[in-house]
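Notes follow once the structure below has been shown.
Bear in mind these aren't lab numbers, they're just calculated from the coordinates by the rules spelled out. For clarity, every value in this text was computed on a predicted model and none was experimentally measured. With ideal geometry, Cβ positions are generated from the backbone for all residues, glycine too; neighbour counts draw on all protein chains shown.
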Amino acid sequence: MTTDVKTKILTIAIAALSTVALAAAPALAKEKDAKKKSPGSHHSSAAAAASSTSHVPEVGHAPKAGEHDTKPGPAWKTVGGTVKQIDGNAYTVEDYEGNQVKLYVGQGTKQLRGQKKVGDTVRAEITRGGFANSVQ
């Protein structure tokens, strides 16, 4: 092998190694910071693997009886049915099985096709606390 070919191979190998090191550095720094924040905490190998490879969202608290969310958040479920009552920012929707669900709208709610009225058929994506992220 000539010196010119060896130099090219060495250059490519160094470039590949540095690319891998640059890609791994943020993940390693994040893991190191996490260990500093919670010394002595023990993770299962599955949890450690998940935390080092991707972000796992934290589960928010479940609202207590009588409480509802006041802003958009993680979608919990989709409700479809007919609007039976509107009381301020609270809509009572009867789903297709006859169950009544109370959902709350606010500034953060995306309302497609304008304001709703009693008798409209709607589909809403709601949070665990009943806040409607969107109503269509």
Rounded to the nearest 0.05, what FRET efficiency do ALA21 and ASN89 have when you use their Cβ-Cβ distance and R0 = 41 Å? 0.20
Peptides 92-98, 109-115: what's the order by average Cβ count within 10 Å, highest mean first? 92-98, 109-115
Could you run the Debye sum over the Cα atoms of the stretch 77-135, one equal point scatterer each and no solvent, and tell me log10 of I(q)/I(0) at q = 0.15, 0.18 Å⁻¹, two decimals? -0.34, -0.50
With +1 on the Cβ of every Lys and Arg and -1 on the Cβ of every Asp and Glu, and nothing else charged, how large is the dipole of the stretch 77-135 about its Cα centre, in debye rounded to the nearest 20? 180
Projected onto the charge dipole of the stretch 77-135 (unit charges on the beta-carbon of Lys, Arg, Asp and Glu, signs +1, +1, -1, -1), the Cα from ILE126, ASN99, LEU112 with the largest positive-side position is that of LEU112
